[in-house]
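The values are calculated or read from the model by the stated rules, or taken from the named source; none is laboratory data. This is a predicted model, so every value here is computed, not measured. Neighbour counts run over all protein chains shown; Cβ positions are idealised from the backbone, glycine included. When the accessible area is computed, the model is the full protein with side chains, heavy atoms only, and any ligands, DNA or RNA have been set aside. Shrake-Rupley method; radii C 1.70, N 1.55, O 1.52, S 1.80 Å.
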Amino acid sequence: MLRVESGSCTRYYSKLSGCKKCEEVCPTKAIESFEGGLKAFNEKCIDCGACIGVCPTEALRLDNLDLPTFFFEFIKSDEVAISCKKNFVCLAGLNVEYLIALKLVKEFVLDIGHCEECEIKEQCFPVIERNFNEANYVLSALGKKEITAEKLKLVKDENVSRREFFNIFKGLTPKKEEHNPIAKMKEKSLPDKRKVLLTVLNKVEKPQEYKLLENEHLTFISDKEIDHTCDNCSLCYRICPTQALSTTSRGDKILFEPILCLRCELCHDVCEKDSIHLTPYFDTKEFFEPSQKVLAQFQLVRCEECGNLFTYLGDQDEELLCPRCRIEEEEAKKLWGLG
Ligand code: SF4
Ligand code: SF4
């Protein structure tokens, strides 16, 4: 069964979210997006896992596919190939982070021998190709060997039933439908795929030199900058699902940790002034020596009316009024015919 975890899907965080990657990749139209949400039609779902492979926030789950369990079982096993007819679902279900993490700990090939005749190749093969190329782009910048893909056409053991086949991926405690999506949103946790990648990166040798990756060629992580139009409205760091974007206890800076970014685009989607942008490059140093940058810094002053601190943008000559008191003052003036 395909489940949508609303506490993780960007569409439930904000109706401004433009994400519909899962809907676009689904070969059977089993997912439909609507303003502020998503619906899964399980009667149409064929358990291919492609939607799971493209979701930035791991908001979709198939009951019988547990990727961290597959990851750890595969690296322990003697298997040296990942194949959709032998030990995995559609290869589109393996996102860039799992591909990189797997290659950093084990030699393996991707079996693309079944893709040509596959009835869902039109939607899924471009995703397999893109993830494969992106993972190799990152691996080569880290000075590591690239993943290879071969037309092996492996098939599963005839004695293994479909149910047992899917149980290969089944976690010890399959995740059930979430109970409290709001609590999940507030939790600001990292998805499993990022935790797995960070665990692996922590164990591998650092490259001799760090390289710059072109941000536009990455889909799973990003580096960012904020321009002078930002007024510290706070939406971007309040909505960021992982705390990649955050603020100080005073709220006078916008901070960013690239290694925590999922490239879900929520911060861009909600920014009314379009002040947040991708930088041209992502430094591979972030994978091994993560940094927290100050993207913007503000002067906070006390409102002369209510006494609360607010972001002073240098745009007030006379009274120092916070935006709320300024609106109230303007409304009062209109009411008394003074405006
Ligand atoms: S890909 Fe993930 S975040 Fe995007 S709409 Fe689908 S479930 Fe939501
Ligand atoms: S920084 Fe922006 S793109 Fe990255 S995880 Fe946070 S909201 Fe998503």
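Taking the criterion of being more than 16 Å from residue 251 (Cα to Cα), at pLDDT 95 or above and part of a loop (DSSP other than H, G, I, E, B), the residues of segment 274-316 that qualify are 274, 275, 279, 280, 284, 289, 290, 291.
Scanning segment 253-267 for residues that are closer than 24 Å to residue 312 by Cα and more than 14 Å from ligand 1 (Cβ to nearest atom) returns 253, 254, 255, 256.
Applying the condition of being within 16 Å of ligand 1 (Cβ to nearest atom), open to solvent by less than 40 Å² (accessible area, probe 1.4 Å) and not in a loop (DSSP other than H, G, I, E, B) to segment 49-88 and asking which residue is farthest from residue 116 (Cα to Cα) yields 60. For segment 222-232, state whether one or more residues are within 16 Å of ligand 1 (Cβ to nearest atom), touching a Lys or Arg at 6+ places or on another chain (Cβ under 6 Å) and either in contact (Cβ under 8 Å) with a residue 60 or more places away in the chain or assigned by TED's automatic domain parsing to the domain that holds residue 292 (or both). Checked against the condition, which is being within 16 Å of ligand 1 (Cβ to nearest atom), touching a Lys or Arg at 6+ places or on another chain (Cβ under 6 Å) and either in contact (Cβ under 8 Å) with a residue 60 or more places away in the chain or assigned by TED's automatic domain parsing to the domain that holds residue 292 (or both), segment 222-232 yields at least one hit. Please name all residue pairs, on different chains or six or more residues apart, with Cβ atoms under 6 Å, provided the first residue is in segment 92-103 and is assigned by TED's automatic domain parsing to the domain that holds residue 65 and the second residue is of a type in the set (Phe, Trp, Tyr). Here the result reads 96/220; 97/220, each pair linking segment 92-103 to a residue that is of a type in the set (Phe, Trp, Tyr). Scan segment 244-272 for residues that are under 16 Å from the mean Cα position of the chain (by Cα), open to solvent by 40 Å² or more (accessible area, probe 1.4 Å) and more than 8 Å from ligand 2 (Cβ to nearest atom) and jot them down. Those that are under 16 Å from the mean Cα position of the chain (by Cα), open to solvent by 40 Å² or more (accessible area, probe 1.4 Å) and more than 8 Å from ligand 2 (Cβ to nearest atom): 257, 269.
Among the criteria (1) modelled with pLDDT of 95 or more; (2) open to solvent by less than 20 Å² (accessible area, probe 1.4 Å), the one residue 105 does not fulfil is (2). Any residue at all in segment 17-39 that's among the aliphatic types (A, V, I, L, M) and open to solvent by 30 Å² or more (accessible area, probe 1.4 Å)? No, segment 17-39 contains no residue that is among the aliphatic types (A, V, I, L, M) and open to solvent by 30 Å² or more (accessible area, probe 1.4 Å). Whenever a residue of segment 275-301 is closer than 17 Å to residue 237 by Cβ, its partners that are open to solvent by 40 Å² or more (accessible area, probe 1.4 Å), lying with C-beta atoms within less than 6 angstrom and at least six residues away or across chains, give the pairs 275/227; 275/229; 277/225; 292/257; 294/253; 297/253; 300/309. Among the numbered conditions (1) among the basic types (Lys, Arg); (2) modelled with pLDDT of 95 or more; (3) surrounded by 13 or more Cβ atoms within 10 Å (Cβ to Cβ); (4) under 22 Å from residue 79 (Cβ atoms), the only one that residue 170 does not meet is (2). Of the numbered criteria (1) assigned to a loop (DSSP other than H, G, I, E, B); (2) open to solvent by less than 40 Å² (accessible area, probe 1.4 Å), the one residue 325 fails is (1).
If you go through segment 1-21 and keep only what is near ligand 1 (Cβ under 8 Å from one of its atoms) and hydrophobic (A, V, I, L, M, F, W, C), you end up with 4, 9, 19. Scanning segment 113-126 for residues that are part of a helix (DSSP H, G or I) and either within 14 Å of residue 154 (Cα to Cα) or out of contact with any helix residue (DSSP H, G or I) (no Cβ under 7 Å at 6 or more places or on another chain) (or both) yields 121, 122, 125, 126. Would you confirm, using the coordinates I've provided, whether residue 218 is at pLDDT 95 or above, in contact with a helix residue (DSSP H, G or I) (Cβ under 6 Å, 6 or more places away or on another chain) and away from ligand 1 (no atom under 16 Å from the Cβ)? Against the criterion (at pLDDT 95 or above, in contact with a helix residue (DSSP H, G or I) (Cβ under 6 Å, 6 or more places away or on another chain) and away from ligand 1 (no atom under 16 Å from the Cβ)), residue 218 does not qualify.
Of all the residues in segment 268-315, those that are of a type in the set (Gly, Ala, Ser) and either under 27 Å from residue 212 (Cα atoms) or touching a helix residue (DSSP H, G or I) at 6+ places or on another chain (Cβ under 8 Å) (or both) number 3.
Of all residues in segment 89-112, those satisfying the criterion of being assigned to a loop (DSSP other than H, G, I, E, B), over 22 Å from residue 263 (Cα atoms) and of a type in the set (A, V, I, L, M) are 89, 112.
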